[in-house]
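These notes are about the structure you will find just below.
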Amino acid sequence: MKRQSLICSLVLFFLLTTAPFLPVYSQTGTIRGFVYEKETGEPVIFTNVYLYKTSYGAATDINGYFAITRIPPGNYTLMVTFMGFDTLQMPVTIKANDLISKKLYLNKSSFTLGEISVSASRQEKKTETQTSIIKITPKEIIQIPTIGGQPDLAQYLQVLPGVIFTGDQGGQLYIRGGSPIQNKVLLDGMTIYNPFHSIGLFSVFDVDILKNVDVYTGGFNAEYGGRISSVMDITTRDGNKKRFSGKVDISTFGAKALLEGPIVRQKDDDQVSSSFILSVKNSYLKESSKIFYNYIDKNGLPYNYLDCYGKASINSPNGSKINFYGFDFTDKVQYKVLQDFNWNSAGGGANFVVIPGKSPVLIEGNFAYSNYSVSLDEENRSPRTSSIGGFNSGLNITYFFGKNSLKFGLEMSGFHTAFDFYNTVNRAIDYSQNTTELNGFLKYKWIYKKFIFEPGFRMQFYASLAEFSPEPRLAIKYNVTDKFRMKMAAGIYTQNLISTSYDIDVVNLFYGFLSGPDNLPSTFLGKGVNSRLQRSDQVVLGFEADVIKNVTLNIEGYYKYYPQLTNLNRNKLYDDTPENASLPEYYVKDFIIERGDAEGVDASLKYSLQNFNFWVTYSLCYIHRQDELSSYVPPYDRRHNINLTAAYTFGKNRSWELDARYNYGSGFPFTQTQGFYELLNLSNFGGNYVTQNGSLGILYGNFDEGRLPYYSRLDFNMKKHFFLGRYSKIDLNLSVTNVLDQQNIFYFDRITYSRIDQTPIMPSFGVSFSF
């Protein structure tokens, strides 16, 4: 019986994967192609391409690609509409069994329309499930206050519903009750292990090279896996294909430079072209703060980083392309209390898009390698180090038919992890492991009347653990009316990576990686442990409404159940040796098994006009954990989080901008200190415990029963544009961080009982030149 089931499954998989390449005999035709900006040659993403006065149409994807299939024969007018560009109209004739390929170019509008009646994002809400996904473009990022005069993705992510940032500390991101280790970050298909700098105001990504960012806060479908909380998928631009251009930006915080242009200039549609884009940005705050911010610390603020990214693109006449890219990110913090904290991340790879000749299919693939290493040397503790490095590759195929589509693919990844650490009783934890993951997925989108169904299935195989994980996914949307839509998403998720952070710390700066360890307890709460994987079962329910003109409301409730999690064993007292085999496992094992859940509600209200935008987000979240000995809340359990943002443009040519943002967050939990004692080394039986000098031991209170003070920060930004010519301009930027001068905790040393607060009120000034 099992053999018959296996054969049936293989036959079904074969039919699904080969169907896109079989000829389709019908009396309809297809239009496919790409939409580009005429000025730069960059793809125009998420814009409407449709046949006028019909229901046939599609939105372009991240590559600018569109496919309109199953069109009855006849004469039509093909139209493309996108805000800020002139509408494109073109007559087309559709013949039976015909496939038409088009490369369409949009010109920037010479004037701004008072109202845009056709919106790609508005239409996409009715044709995509869009549960727990937020799409971000550079245009939106620059509409919030820019710290140090430089817009940054990290600053924008902090205002998203369901996202918790720790402020200036560590740059750590918590999404709907999940820890940073449970978030997957992809840059052009390449895994990035730490996307944020120690000063949480800045990410490693230059906003000017970004094309689009998709943030999935939960319930993501089968094309993503290997993490149990969220996914952030970042795509960069290809570079200007028509001319050389760039940007230089200098501020009191740091500087950056961007250069892009053609390698082989794009002259017409029938020739191969190539382009490049290079970005370098750094912080010299450690030096500049001695001049501008010596009232904070006469020795300067100890934050320095350097980020480099480069990309080269080769484009074929039919729209197929291949990209080569590489990066190097470094971060250094040197506080008197911390002594030395730094990390480095580097990598490179390639991705490609292939358009087959006579089939409505899109083929995408990638191969990349990246690594990350982090170290923390503290004055009164043993050093901690961690590293991870490895490759990831994938091949995805999307087949379009009518308004529906089928996407499937294969992925493979492998990585090496290392971890060296001493716990609270000075017991060494030292691990080095290799692991490999193989997986395949299917996702089908089916639109039926007012319903959108998107079932998916992912099969994860963790080769080093010899474990299969079948993971069904499902998303549904119901368009109740044109202005009110209901949606849901659910799925099963697993991951092999665990965090090397230490939850006892009042504030965590150190964040490393380790693959699923062998040294796990054999039982948990009286039941046998048969897996080393962490798992999450999720469900999301919500609705979105166009309340009135220019006002949208989105509310989602979620529940995440974690039947198995892995954490560092804070209760370890003895080495895991044969002599201690009779002791309870939770006193000798390096790692422990936990379970828990997270539930909450995220709400977002947006009011958008041509020159004014106002956005309110609120998140309510409860997180629970249970180990073998107790129940507790993790150190990132923030109950309430509120963000208010406003952006206003005015003046001639809208050359003035005013932006403001306010964030309030209830306090994080932490473990309080009850006292200190002398910790003697009793493993040396030949020593004299009466005369030997021990080390300092800490008596901790109940785990995470204390609460840090609430977090509050108001930021303000003002910008003036000076247009020097068609392509060149100068921007002057004045910003004030923490306008109310709130004292938000950054770091606390238990032994010296010293506290370092996050940045106080900090004005900054910047100037940028674009050409």
**Message:** Heavy atoms of the protein only, probe of 1.4 Å, neighbouring chains included. What is the accessible area of D297 in Å², nearest 10?
**Reply:** 40 Å²
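Quick one: dipole size for the chain, taken about the Cα centre, charges +1 on Lys/Arg Cβ and -1 on Asp/Glu Cβ, in debye to the nearest 20. Provide the component values of the computation, followed by the final result.
Numbers: 75 positive and 71 negative charges, 624 e Å.
In debye, rounded to 20, the chain gives about 3000.
List, in the order given, every pair from K38/K211; K102/K267; K241/K720; K135/K281 whose Cα-Cα distance in the structure shown is over 27 Å.
Details: K38/K211 16 Å; K102/K267 17 Å; K241/K720 29 Å; K135/K281 24 Å.
Where the Cα-Cα span goes over 27 Å, the pairs concerned are K241/K720.
Run the dipole for the stretch 24-104 about the Cα centre, Lys and Arg Cβ at +1, Asp and Glu Cβ at -1, nothing else charged, and hand back the magnitude in debye, nearest 20.
340 debye
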**Request:** Mind pulling the angle between the C-alpha long axis of helix 2-18 and the longest principal axis of the chain? Nearest 10 degrees, somewhere in 0 to 90.
**Result:** 50 degrees
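Measuring with a 1.4 Å probe in the full set of protein chains, what accessible area per residue, in whole Å², belongs to the chain? Walk me through the numbers before you get to the answer.
Values: 32500 Å² over 771 residues.
Accessible area per residue, the chain: 42 Å².
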**Request:** Pull up the cross-link candidates among the lysines for K286, meaning alpha carbon to alpha carbon under 19 Å and not fewer than 8 places away within one chain.
**Result:** K256, K298, K332, K336
**Request:** Name the residues whose placed amide hydrogens come within less than 5 Å of the amide hydrogen of F668, ignoring near sequence neighbours (fewer than 5 apart) on the same chain.
**Result:** L708
**Asked** Can you pull the accessible area of F292 for me, 1.4 Å probe, Å² to the nearest 10?
**Response** 110 Å²
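Please list S230, S387 from largest to smallest accessible area, probe radius 1.4 Å, with all protein chains kept in place. All intermediate terms of the calculation are to be shown ahead of the outcome.
Numbers: S230 0, S387 35 Å².
From most exposed to least exposed: S387, S230.
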**Asked** So how do 611-619, 177-185, 463-471 stack up, highest first, on mean other-Cβ count within 10 Å?
**Response** 177-185, 611-619, 463-471
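Kindly rank 356-366, 277-287 from highest to lowest mean number of other beta carbons found within 10 Å of each residue.
Working: 356-366: 17.4, 277-287: 20.1.
So the peptides 356-366, 277-287, ranked by packing, come out 277-287, 356-366.
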**Asked** Looking at A346, S316, S370, which one has the Cα that reaches farthest to the positive end of the dipole of the stretch 284-391 (charges on Cβ: Lys, Arg +1; Asp, Glu -1)?
**Response** S316
**Prompt:** For L699 and D270 in the same chain, what is the full-extension length gain: residue separation times 0.36 nm, less their Cα-Cα distance, in nm?
**Reply:** 147.1 nm
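Order the peptides 403-410, 700-707 from the highest to the lowest mean number of other Cβ atoms within 10 Å of their residues. Mind dumping the intermediate values first?
Values: 403-410: 19.0, 700-707: 15.5.
Packing order, densest peptide first, comes out as 403-410, 700-707.
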**Fill in**
In Å, the Kirkwood estimate of hydrodynamic radius for the chain over Cα pairs equals 27.9 Å
**Message:** Can you sort C621, C308 by solvent-accessible area, 1.4 Å probe, largest first?
**Reply:** C308, C621
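Evaluate E = 1/(1 + (r/R0)^6) for S608 and D430, where r is the Cβ-Cβ distance and R0 equals 60 Å; express this FRET efficiency to the nearest 0.05.
Values: r = 54 Å, r/R0 = 0.89.
Efficiency, rounded to the nearest 0.05: 0.65.
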**Prompt:** Can you give the accessible area of Y574, probe radius 1.4 Å, in Å² rounded to 10?
**Reply:** 90 Å²
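Counting only protein heavy atoms and a 1.4 Å probe, tell me what percentage of the chain's accessible area is made up of carbon and sulfur.
Carbon and sulfur atoms account for 59 percent of the accessible area of the chain.
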**Asked** With each pseudo-label sitting 7 Å past Cα toward Cβ, what's the M90-F461 distance in nm, one decimal?
**Response** 4.4 nm
**Asked** Considering the dipole of the stretch 623-684 built from charges on the beta carbon (Lys and Arg +1, Asp and Glu -1) around the Cα centre, which of S631, N641, A660 is farthest to its positive end?
**Response** A660
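The values are calculated or read from the model by the stated rules, or taken from the named source; none is laboratory data. Please read these numbers as outputs of a predicted model, since none were measured by experiment. Heads up, the Cβs are rebuilt from the backbone with ideal geometry, glycines too, and the neighbour counts pull from every protein chain shown. For accessibility, only protein heavy atoms count, side chains too; no ligands or nucleic acids. Shrake-Rupley method; radii C 1.70, N 1.55, O 1.52, S 1.80 Å.
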